[in-house]
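Input: a single structure, listed below in structure tokens.
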Amino acid sequence: MGANLLSSNLGVSIEECKEMLDNFFKMFPSVKEFTLKNEEDAKNIGYVEDYMGRRRHLPDASLPQISVSVKKNVYTDADCFLDCSVNDSKISVIDKEKTESLQEEWNNIESSDIRMGMFDRKKMFKEEYSDNADVFIKDNGNFISRALTQCTNARIQGSAASLTKKAMVKIFNDEKMRELGFRILVPVHDELLGECPIENSEEVEHRLAELMIESAKPECSVNMKVDTYRVGHWYADDVSNKINVMYVENISNGMSEDESFISVLKDFPEISKNVLLDMCNGAYSCIQEDI
């Protein structure tokens with residue numbers, strides 16, 4: 001994340017965000033080294049790899065800041081003996097010689113040591129040929145910036161995805177998990193959702209964490225941590241907490257208990273009244289109760 005995006009997210013000035021990023025990288029210099037290494041790989045070889053060797057190709061990282069193409073008109077009905085066009089029919093094609101010449105001119109400007117930022121260099125070059133309709137100049141800055149951001153994200157998020165896939169295979173092949181009746185339902189990013197008989201849920205919870213931690217080895221030397229939790233219904237705990245907060249806030253704002261309950265019931269008509277009452281009072285059991 002650059003200073004501009006950080007400024008937009010935090011609502012503070014770009015200069016403050018630049019200072020924040022500088023201070024962060026001073027505190028954690030290895031993060032900066034890691035990021036720069038990823039960017040160099042993307043530029044030099046066109047891809048980066050996650051910790052399992054899975055590649056993310058990023059050809060835009062190797063683009064020049066400016067791409068130039070020059071067009072020329074070519075007659076399609078020329079008479080080679082008369083050296084003229086019969087019907088004056090023509091098409092536009094790329095003039096390779098002029099294109100290569102202008103591209104080289106830009107490359108020299110880009111790599112020169114003149115005291116001018118990249119934005120001003122681009123502006124100067126564009127203005128020089130702005131009146132020439134045959135010259136097409138493409139600014140690749142946004143494509144390059146996006147690719148350089150993606151190269152670090154790909155290594156981190158790609159590694160998490162690879163680790164999750166390894167964990168899924170390990171869990172599926174684990175005899176103990178099969179004996180306990182566990183099965184994976186669906187992966188959600190780096191989270192695995194599964195189900196098992198309620199009487200085995202505590203044992204499954206511990207075994208699941210063990211298998212996910214083990215799956216990172218031997219490729220990853222960092223000690224992993226896995227958070228697990230059990231519910232009778234997916235997100236039942238979050239919904240229960242939300243309902244309890246709404247119920248209490250309504251009473252704090254002057255409603256009676258009955259009025260608050262009716263108000264919450266209107267927002268959650270799919271939940272039975274008995275269960276909803278338990279949720280309102282903070283007495284709902286996420287493991288045992290139905291909804």
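All but one of (1) buried (at least 17 other Cβ atoms within 10 Å of the Cβ); (2) in contact with a Phe, Trp or Tyr (Cβ under 9 Å, 6 or more places away or on another chain) hold for M212; which doesn't?
(2)
For segment 22-74, how many residues meet the condition of being outside any helix (DSSP H, G or I), of a type outside the set (K, R) and within 30 Å of F136 (Cβ to Cβ)?
Of the residues in that region, 14 qualify.
For segment 154-196, give me the residue count where each residue is in contact (Cβ under 8 Å) with a residue 40 or more places away in the chain, small (G, A, S) and out of contact with any helix residue (DSSP H, G or I) (no Cβ under 9 Å at 6 or more places or on another chain).
Residues that pass the stated criteria total 4.
From the residues in segment 220-255 that are among the charged types (D, E, K, R) and free of Cβ contacts under 8 Å to residues at least 24 places away in the same chain, which one is surrounded by the fewest Cβ atoms within 10 Å (Cβ to Cβ)?
Only one residue tops the list, namely D227.
Please tell me if S240 is over 30 Å from L192 (Cα atoms) and touching a helix residue (DSSP H, G or I) at 6+ places or on another chain (Cβ under 7 Å).
Considered against the rule, which asks whether it is over 30 Å from L192 (Cα atoms) and touching a helix residue (DSSP H, G or I) at 6+ places or on another chain (Cβ under 7 Å), S240 comes out as no.
Yes or no: segment 42-55 includes at least one residue that is of a type in the set (A, V, I, L, M, F, W, C), under 15 Å from T152 (Cβ atoms) and either touching a Pro at 6+ places or on another chain (Cβ under 9 Å) or touching a residue at least 24 places away in the same chain (Cβ under 8 Å) (or both).
Yes, because at least one residue in segment 42-55 is of a type in the set (A, V, I, L, M, F, W, C), under 15 Å from T152 (Cβ atoms) and either touching a Pro at 6+ places or on another chain (Cβ under 9 Å) or touching a residue at least 24 places away in the same chain (Cβ under 8 Å) (or both).
Within segment 125-167, track down each residue that is hydroxyl-bearing (S, T, Y) and within 26 Å of A216 (Cα to Cα).
T149, T152, S159, S162, T164
Restrict the check to segment 10-21 and report whether at least one residue is out of contact with any Phe, Trp or Tyr (no Cβ under 7 Å at 6 or more places or on another chain), outside any loop (DSSP other than H, G, I, E, B) and of a type in the set (G, A, S).
no
Is it the case that K138 is out of contact with any Asp or Glu (no Cβ under 6 Å at 6 or more places or on another chain) and exposed (fewer than 15 other Cβ atoms within 10 Å of the Cβ)?
yes
Does segment 117-135 hold any residues that are over 37 Å from the mean Cα position of the chain (by Cα) and loosely packed, with under 14 Cβ neighbours inside 10 Å, and which are they?
Hits for segment 117-135 are D131, N132, A133, D134.
Of the residues in segment 256-272, how many are surrounded by 10 or more Cβ atoms within 10 Å (Cβ to Cβ) and farther than 17 Å from H233 by Cα?
10
I'd like to check something: does segment 98-119 contain any residue that is closer than 22 Å to E39 by Cα, part of a helix (DSSP H, G or I) and of a type in the set (K, R)?
No, because not a single residue in segment 98-119 is closer than 22 Å to E39 by Cα, part of a helix (DSSP H, G or I) and of a type in the set (K, R).
Give me the residue from segment 157-182 that is within 22 Å of R55 (Cα to Cα) and exposed (fewer than 15 other Cβ atoms within 10 Å of the Cβ) and, out of that set, farthest from the chain's Cα centre (by Cα).
Among them, the one singled out is V169.
We did not get these values from a lab; they are worked out from the coordinates using the rules stated. Fair warning: this is a prediction, and the values are worked out from it, not measured in the lab. Every residue, glycine among them, receives a Cβ derived from its backbone with ideal geometry; neighbour counts consider all protein chains shown.
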